[in-house]
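Only one structure is covered here, and it is reproduced in the block below.
Quick note: the coordinates plus some simple rules give every number you see, no bench work behind them. None of the values given here were measured: they were computed from a predicted structure. FYI the Cβ positions are ideal-geometry reconstructions off the backbone, even for glycines, and counts take in every protein chain you see.
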Amino acid sequence: MSIDIKKHILPIGLLIVIFSAFFYNRDLLGGLIFLIVGCGFLYAGFYIQNTNNRIKANGIKTKAKIVDFKKERNKDADGDSYEYHFPIVTFTDQNGVETTQKLDSSENPKRINELIDIIYLKKENEYEIIKDNDWWEKNIPVILFIGGFLFSAIGIIWLTNKI
């Protein structure tokens, strides 16, 4: 897997501008941090929204059966451990090829052997899959946009008051 640097030029350029401004005037640091976090949220929201829209526009709707779950345990900064269950689904694509793949969103492990609606898009030898009509797929970008605008606004107000 290779990383296309052109896709990430905006955040990289923003970081360069912020670091150079930091060395120019350290009183601007708080505002710059809010601005960086806000821009990060906005970037993540736009990235997720564009990915979802691309899959919805070019993908194929079908039903998938949850055949298993992959249990993953993550620890946060406080040392608390959380367990997530990622469904492994099987579906038949439009060419008649039966495919089994893990989804990126956690699900209730009691839903084994249930059918769910998915949209898939074949990308090289893998599939990009989203659940159709999933609340998180629709609302995470909106939540990130709101957080991004709030943090960015605080950063801009901070910076305009310090300059």
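For the reader, a short list of remarks on this structure follows.
- Filtered GluC sites (Glu not before Pro), the stretch 74-163: DSSP coil and at most 10 other beta carbons within 10 Å: GLU124
- Ellipticity estimate at 222 nm from DSSP helix runs (n ≥ 4, -39,500 (n - 2.57)) divided over the chain, nearest 500: -16000 deg cm²/dmol
- Flagged links, alpha-carbon separation over 21 Å, of LYS75/LYS123; LYS75/LYS122; LYS65/LYS110; LYS75/LYS138; LYS75/LYS131: LYS75/LYS123; LYS75/LYS122; LYS75/LYS138; LYS75/LYS131
- Per residue, the average separation of C-alpha pairs within less than 8 Å and at least 6 apart gives the stretch 67-134 a relative contact order of 24 percent.
- For the chain, the longest principal axis of the Cα atoms and the long axis of helix 9-24 meet at an angle of about 30 degrees.
- Extension gain, ASN95 back to ARG73 (0.36 nm per residue minus Cα-Cα distance, nm): 4.4 nm
- Relative contact order of the chain, taken over Cα pairs closer than 8 Å and 6 or more residues apart, is 31 percent.
- With respect to the chain, whose longest principal axis is taken over its alpha-carbon atoms, helix 29-58 is tilted by about 30°.
- Using all pairs of distinct alpha-carbon atoms, the Kirkwood hydrodynamic radius of the chain works out to 18.7 angstrom.
- q = 0.18, 0.21, 0.23 Å⁻¹, the stretch 67-134: log10 I(q)/I(0) [Debye, one scatterer per Cα]: -0.73, -0.92, -1.03
- Acute angle (nearest 10 degrees) that the helix 135-162 long axis makes with the longest principal axis of the chain, alpha-carbon atoms: 0
- Centre-to-centre separation between the Cα atoms of the stretch 45-99 and those of the stretch 109-137: 5 Å.
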